[in-house]
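J.: If you scroll down you'll find the structure; I have some questions about it.
All of the numbers you see were taken from the coordinates with simple rules; none came from a lab. All figures in this text were calculated on a predicted structure; none of them were measured in a lab. Every residue, glycine among them, receives a Cβ derived from its backbone with ideal geometry; neighbour counts consider all protein chains shown.
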Amino acid sequence: MSNKQANSPAQAQPLEIWGGVEYTCNRVEDTYFDQMQISGHAHRPEDYELFANLGIRTLRFGALWERHELDPSWQCTDQHLACLRERNIRPIAGLIHHGSGPRHTSLLDREFPSKLAKYAASFAQRYPWIDAYTPVNEPNTTARFSGRYGIWYPHHMSVESYLRALLHQTKAIVLSMHAVRCVNPDAKLIQTDDLGRITGTEEMRSTWELSNERRWLPFDLLCGCVDRQHPLFNYMRKAGIREREILWFSDNPCPPDMIGANYYLTSDRYLDHRTDIYPYDRRSAEGPFVDSEKVRVCPNGITGFGGIIQDAWERYHIPVAITEVHLGGDVNDQIRWAAEAWEGAQQARQNGAACTAITFWALLGSFFWNHLVTCDNGHYEPGVFSVRHGSPVPTALAKVVAQMAAGQPPQHPALSEKGWWRHDSRLWSYAQQAHAERLAA
């Protein structure tokens, strides 16, 4: 489904290093988990000096709708953006990040798209110089967690709710970009989602092929590619989505200027019909099967950054950026994961893909993601900096990021060894049993 107005490859330009502070603001029941508040970044605009010193000149910036509703004065946003401009850092404005909006709306509210667009218009009018936006981060992932798995608000568990949440978010992107471009016609849409591949046992083929197709649905909708012949058209109709709701997007295309591929070690999934072999918590909310991280259960390992970039480029021929690079755990493994991102992007560029940048997402680390940000369990993962004791302190990863921002390949003693995800010891014992039984069958 290539975009007919394909952008020219960007291999001639050096690979850029972008950054981002984790600014998820998700809702669980009546509780909001605001990562900018938890990390202290909301009250520390001086953090941008640290980011600039790394050589970062583009930053995914949290201009969240939920936060503005609590403080409509714009004072905090004014202060942060002034600090960015002083340091010559270009912001990519994110308006919703795993959120469902303020308390007066939700992802299933038919007015959600127009409400977000109204906020987008106000934001653009106040900051007309901002030229890059991600109005809604990861609409497919957020729709799954909120409408299919019941993890985040409004905690639904149906295919129809999943699809409505996805369509509402995607429509919100279209309307928000229209509102922004009424102010700044040159504003770019940088659209993100988790693009990990899904595979599994042959018995689960129809299910994992469907999941693989769904990961592209927000992009297909934005590109105006979803018509009656689209592989997911009947799937959506059977779930209760009206034809005119689906075809609205082909009448109102808003193709991204850049595909933002988010990719984690847990992004690639493996679906297995043999539920008796695995622990109960591996079972999927979508049916009687197991949904596990491929890295832990599949001997042939993960796709890797290069493969994900190539997937997106070959499908759309729109420039790609890796918009989230983060790994929880030991800093040496974080360095190895960062190096894989760099190498994967460079390899994809050599293979002809227009890959623009890789983004060190959780510059200040992230909170509670080991439980999918559903509770304050005290869990913290440092990033390029650690805020474990309040103020940001650079980790060993910071020097490596600075090397890459200067155009140099990553160098560090940790790179003499492979990350744990490249060793056979990564496989869980029950996964090894499952694989052995599969071979013997």
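J.: Yes or no: Glu86 surrounded by fewer than 20 Cβ atoms within 10 Å (Cβ to Cβ) and closer than 27 Å to Thr359 by Cβ? Please lay out each step first, then the result.
T.: Working: surrounded by fewer than 20 Cβ atoms within 10 Å (Cβ to Cβ): yes; closer than 27 Å to Thr359 by Cβ: yes.
Yes.
J.: Something else now. Considering every residue within the stretch 373-387, establish whether at least one is under 19 Å from the mean Cα position of the chain (by Cα), more than 23 Å from Ser425 (Cβ to Cβ) and of a type in the set (Gly, Ala, Ser).
T.: Yes, the stretch 373-387 contains a residue that is under 19 Å from the mean Cα position of the chain (by Cα), more than 23 Å from Ser425 (Cβ to Cβ) and of a type in the set (Gly, Ala, Ser).
J.: Of the residues Phe385, Phe367, which single one is touching a Pro at 6+ places or on another chain (Cβ under 6 Å) and over 17 Å from Ala341 (Cβ atoms)?
T.: When all the criteria are applied, what remains is Phe385.
J.: Using beta carbons and a limit of 6 Å, which pairs, at least six apart or on different chains, have the first residue in the stretch 119-141 and closer than 20 Å to Thr105 by Cβ and the second one outside any loop (DSSP other than H, G, I, E, B) and among the hydroxyl-bearing types (Ser, Thr, Tyr)?
T.: As it stands, the answer is Ala120/Ser176; Thr134/Thr192; Pro135/Ser176; Asn137/Thr192; Glu138/Thr192; Pro139/Thr170, since those pairs meet every condition given.
J.: Suppose we filter the stretch 226-246 for residues that are crowded, with 19+ Cβ neighbours inside 10 Å and either of a type in the set (S, T, N, Q) or touching a Phe, Trp or Tyr at 6+ places or on another chain (Cβ under 8 Å) (or both); how many remain?
T.: The qualifying residues number 2.
J.: Would you point out which residue out of His97, His104 is closer than 15 Å to His68 by Cβ and touching a strand residue (DSSP E or B) at 6+ places or on another chain (Cβ under 7 Å)? Talk me through it step by step, then tell me what you get.
T.: Working: His104 fails: touching a strand residue (DSSP E or B) at 6+ places or on another chain (Cβ under 7 Å).
Among His97, His104, only His97 is closer than 15 Å to His68 by Cβ and touching a strand residue (DSSP E or B) at 6+ places or on another chain (Cβ under 7 Å).
J.: Specify the residue that is farthest from Gly260 (Cα to Cα); the eligible residues are those in the stretch 73-102 that are without any contact (Cβ under 8 Å) to a residue 60 or more places away in the chain and part of a loop (DSSP other than H, G, I, E, B).
T.: Across the stretch 73-102, the extreme among qualifying residues is Ser73.
J.: When you check Val373 against the structure, is it under 21 Å from Tyr263 (Cβ atoms), among the β-branched types (Val, Ile, Thr), in a loop (DSSP other than H, G, I, E, B) and out of contact with any Lys or Arg (no Cβ under 8 Å at 6 or more places or on another chain), yes or no?
T.: Yes.
J.: Another one. Please pick out the residue among Leu195, Leu189, Leu167 that is surrounded by 21 or more Cβ atoms within 10 Å (Cβ to Cβ), in contact with an Asp or Glu (Cβ under 8 Å, 6 or more places away or on another chain), farther than 26 Å from Gly306 by Cα and not hydroxyl-bearing (Ser, Thr, Tyr).
T.: Selected residue: Leu167, the only one of Leu195, Leu189, Leu167 that is surrounded by 21 or more Cβ atoms within 10 Å (Cβ to Cβ), in contact with an Asp or Glu (Cβ under 8 Å, 6 or more places away or on another chain), farther than 26 Å from Gly306 by Cα and not hydroxyl-bearing (Ser, Thr, Tyr).
J.: Check off (1) under 26 Å from Thr192 (Cβ atoms); (2) without any contact (Cβ under 8 Å) to a residue 40 or more places away in the chain for Ser425 and give me the number that stays unchecked.
T.: So Ser425 meets the others, but not (1).
Okay, residues lined up against (1) small (Gly, Ala, Ser); (2) farther than 25 Å from Thr24 by Cβ; (3) in contact with a His (Cβ under 8 Å, 6 or more places away or on another chain):
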site: Val295; (1), (2), (3): no, no, no
site: Gln310; (1), (2), (3): no, yes, no
site: His317; (1), (2), (3): no, yes, no
site: Asp330; (1), (2), (3): no, no, no
site: Ile335; (1), (2), (3): no, no, yes
site: Gly344; (1), (2), (3): yes, no, no
site: Gln347; (1), (2), (3): no, yes, no
site: Gly352; (1), (2), (3): yes, yes, no
site: Thr356; (1), (2), (3): no, no, no
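J.: For the stretch 296-318, which positions are among the polar types (S, T, N, Q) and either in contact (Cβ under 8 Å) with a residue 12 or more places away in the chain or touching a helix residue (DSSP H, G or I) at 6+ places or on another chain (Cβ under 6 Å) (or both)? Before you say what the answer is, go through the steps one by one.
T.: Restricting attention to the stretch 296-318, the residues satisfying the condition of being among the polar types (S, T, N, Q) are 300, 303, 310.
Hits for the stretch 296-318 are Thr303, Gln310.
J.: Return the residue satisfying two criteria in turn: it lies in the stretch 129-163 and is among the hydrophobic types (A, V, I, L, M, F, W, C) and more than 18 Å from Ile241 (Cβ to Cβ), and of such residues it is surrounded by the fewest Cβ atoms within 10 Å (Cβ to Cβ).
T.: For the stretch 129-163, the residue satisfying everything is Trp129.
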